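Peer 1: Before I ask anything, let me first share the structure, which is written out below as structure tokens.
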Amino acid sequence: MEELAKEAGITVRTLRFYRERGLLPPPRREGRIAWYDDHHLARLRTITGLLERGHTLNGIADLAATFESGRDVAEVLGLGEPTEETPVRLTPEQLADYFEGEVTPENLATALDLGYLATDGDEIVHISRRLLEVSAELVREGVPLATVLSSGRRVREHADALAEIFVRVLHAHAAETEPAQLRPLARAVVDAELSMALDRRLRREDGTQPPKAG
């Protein structure tokens, strides 16, 4: 315990306090000897980083509980299944930097529930670099992360419905074609329709009329 405290730059008394609060998992014991490892050191450094960012110990305890309730990373990310998304591995500190002041236990629990985040040891895995960067940009533009997540849940419902339409069409009319060849076509249709839908919506919002054909 003294060696671990020294490596983490804290006192033994503080280390004992963290253990009593459930912030640190118990050591591996061999008889009367308690062994701490790099996992414990990483957890202590995470606690220190979160404290420096203004989190309370109660908040950190909630975050730790949420991390540990995360589903298996392979289950959440669907490893072994076809995907065009690139997962991103993050430390808790890096995640806090993406969403400064917005990484609350509630938002973290929602992101875990949606499958955007998973835990793998002391690391956090985001399912998609594109989603991570777009979400962070929306937050920087002033959209609360809670709103980004709730909107993401609604978008997913519509995306699932669109995917079902395309899969049914492909199975019915292009069963012999490799899905990898048809997937970009489906994305292009959705992208074009969304672009035109945004045009229509924005025209209604500002009262302008769509251009006349011909």
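Every number here is computed from the coordinates shown, using simple stated rules; none is lab data. Just so we're clear, the structure is a prediction, and the values are computed from it rather than from any experiment. Methodologically, a virtual Cβ is constructed for each residue, glycine included, from the backbone with ideal geometry; neighbour enumeration extends over all protein chains shown.
Peer 1: How large is ³J(HN,Hα), in whole Hz, for each residue of the range 162-176 in order, when computed from phi with the Karplus curve 6.51 cos²θ - 1.76 cosθ + 1.60 and θ = phi - 60°, using x for Gly and Pro?
Peer 2: Calculated HN-Hα couplings, in order: 5, 4, 5, 4, 5, 5, 5, 4, 5, 5, 7, 10, 9, 5, 7 Hz.
Peer 1: Pull out a ≥ b ≥ c, the square roots of the eigenvalues of the alpha-carbon gyration tensor of the range 84-214, then state rounded if a/c is under 1.5, prolate if not and a/b is larger than b/c, and oblate in the remaining case.
Peer 2: Note, shape of the range 84-214 comes out oblate.
Peer 1: For the peptides 25-34, 185-194, what is the packing order when you average, over each peptide's residues, the other Cβ atoms within 10 Å and list the highest mean first? Walk me through the numbers on the way to the answer.
Peer 2: On the way: 25-34: 9.6, 185-194: 12.3.
Taking the mean over residues of other Cβ atoms within 10 Å, the ranking is 185-194, 25-34.
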